[in-house]
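A.B. asks: What follows is a structure written as structure tokens; I'll ask about it next.
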């Protein structure tokens with residue numbers, strides 16, 4: 001897979017990650033087939049020596065495409081980590097969802113991690129009327145490690161799927177995938193959270209749906225750093 005760079009300076013590098021490319025190594029993962037390995041090779045060729053430090057500053061699942069920020073030094077990583085955790089980063093996604101989502105929908109819920117899957121509890125769903133991002137972040141429990149906020153905007157509604165723009169105001173484990181399952185609009189191609197028979201049928205009969213999970217991290221906007229990046233990947237109904 002070819003490395004695609006969306007932005008780079010002395011502190012940060014932003015890649016446009018391919019689907020099914022792990023960000024870093026782990027159990028059963030070949031280190032040479034990860035995004036981190038690609039970026040280390042890129043920086044080694046560029047600077048004539050391996051980087052002393054490179055690490056992602058937020059989550060992006062291996063089966064999700066799109067923009068991902070990485071820090072080139074510990075100070076920059078600390079800055080990014082704080083901005084992501086405090087709501088100083090605006091992230092939007094594109095997703096193809098099961099069913100017809102007729103209106104903008106706000107979802108607040110607690111998300112817990114259990115055996116490599118997210119568990120959604122205390123869910124509250126609001127259609128059309130919901131708080132602003134600023135108001136919600138101002139009133140949320142700063143000590144909570146589980147509270148999440150997700151906002152879904154339908155872009156185009158098909159026969160049995162909806163193309164959506166999704167904003168995440170928090171960064172919990174498998175947040176979008178678990179929330180979409182909880183509200184009955186699972187992400188097409190998501191083998192972990194989508195058990196709808198229609199999705200299984202599509203994956204068997206339609207080459208488009210055999211490409212995997214239909215979820216892209218489309219834009220990342222960090223106002224305090226003056227950085228906005230947009231993924232080149234697209235989704236269509």
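The values are calculated or read from the model by the stated rules, or taken from the named source; none is laboratory data. Nothing here was measured: the structure is a model prediction, and the numbers come from that model. Neighbour counts run over all protein chains shown; Cβ positions are idealised from the backbone, glycine included.
A.B. asks: With the structure loaded, tell me whether residue 54 is farther than 28 Å from residue 6 by Cβ and at pLDDT 95 or above or whether it fails that test.
C.D. replies: For residue 54, the condition - farther than 28 Å from residue 6 by Cβ and at pLDDT 95 or above - is not met.
A.B. asks: Going through segment 89-121 one residue at a time, which ones are in contact with a helix residue (DSSP H, G or I) (Cβ under 7 Å, 6 or more places away or on another chain) and within 21 Å of residue 16 (Cα to Cα)?
C.D. replies: 89, 93, 95
A.B. asks: Confirm whether residue 190 is surrounded by 13 or more Cβ atoms within 10 Å (Cβ to Cβ), touching a helix residue (DSSP H, G or I) at 6+ places or on another chain (Cβ under 8 Å) and either part of a helix (DSSP H, G or I) or at pLDDT below 90 (or both).
C.D. replies: Against the criterion (surrounded by 13 or more Cβ atoms within 10 Å (Cβ to Cβ), touching a helix residue (DSSP H, G or I) at 6+ places or on another chain (Cβ under 8 Å) and either part of a helix (DSSP H, G or I) or at pLDDT below 90 (or both)), residue 190 does not qualify.
A.B. asks: Could you identify the single residue in 197, 154, 207, 223 that is touching a residue at least 40 places away in the same chain (Cβ under 8 Å) and surrounded by fewer than 16 Cβ atoms within 10 Å (Cβ to Cβ)?
C.D. replies: 223
A.B. asks: Let me ask something else. Across segment 74-87, what is the total count of residues that are surrounded by fewer than 16 Cβ atoms within 10 Å (Cβ to Cβ) and either in contact with a helix residue (DSSP H, G or I) (Cβ under 6 Å, 6 or more places away or on another chain) or within 20 Å of residue 43 (Cα to Cα) (or both)?
C.D. replies: 2
A.B. asks: Tell me, which residue of segment 94-120 that is in contact (Cβ under 8 Å) with a residue 12 or more places away in the chain and farther than 25 Å from residue 220 by Cβ is surrounded by the most Cβ atoms within 10 Å (Cβ to Cβ)?
C.D. replies: Among those residues, the one meeting the criterion is 98.
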